[in-house]
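The values are calculated or read from the model by the stated rules, or taken from the named source; none is laboratory data. Treat the numbers as computed from the prediction; the structure is a model and nothing was measured. Here Cβ is always computed from backbone atoms with ideal geometry, including for glycine, and neighbour counts include all displayed protein chains.
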Amino acid sequence: MDLVLIIYGRNDRADTGAAEGKMNFNNDTGSNYPYQDFRGNGSAASASTSSGATYIPVGQFIRNNETANIFCASVVHMFDINSGKYKSSLIQYACEIDDGSGYDYAGITSSTWKSQAPITEIDLTVPYGDWLTASSFSLFGVLPRMVA
């Protein structure tokens, strides 16, 4: 009924700036993913929104040229994936990027996929490269509680 995706990720980008993880469903790269994002770094907070993004942001991920063995965490909850209604997701993420320079984030994103089709495929990408070896992705299915 629901899915939970846990990501411990790092990307192979070697220049400046973080790389936002991106998620699409069923190969849909159209402008069908409105979202709201709130993030903070301990001293400042920011919010953003998109009414027609081409992906769902699933957090910032550290670059390959930063301190070794640091991976960012993201937990993605996808609700009612087989229903005939639009699908909603809630994403929580945290990462220290640039090793102590203050470029770190913790945030939460809520999103909708404007499709009534069941989710049968999840595509996860990062811009400017790919996921680094040792990144891990764990997908769990959640069934409703059955009580008498």
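Numbers at a glance
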| read-out | value |
| --- | --- |
| Pair list, Cβ < 7 Å and 6+ apart or interchain, from the stretch 51-75 residues that are farther than 12 Å from L132 by Cα to residues that are assigned to a loop (DSSP other than H, G, I, E, B) and modelled with pLDDT of 75 or more | G52/S31; A53/S31; T54/T29; T54/G30; T54/S31 |
| Matching residues in the stretch 1-47 - criterion: being of a type in the set (G, A, S) and at pLDDT below 90 | G9, A14, G17, A18, A19, G21, G40, G42, S43, A44, A45, S46 |
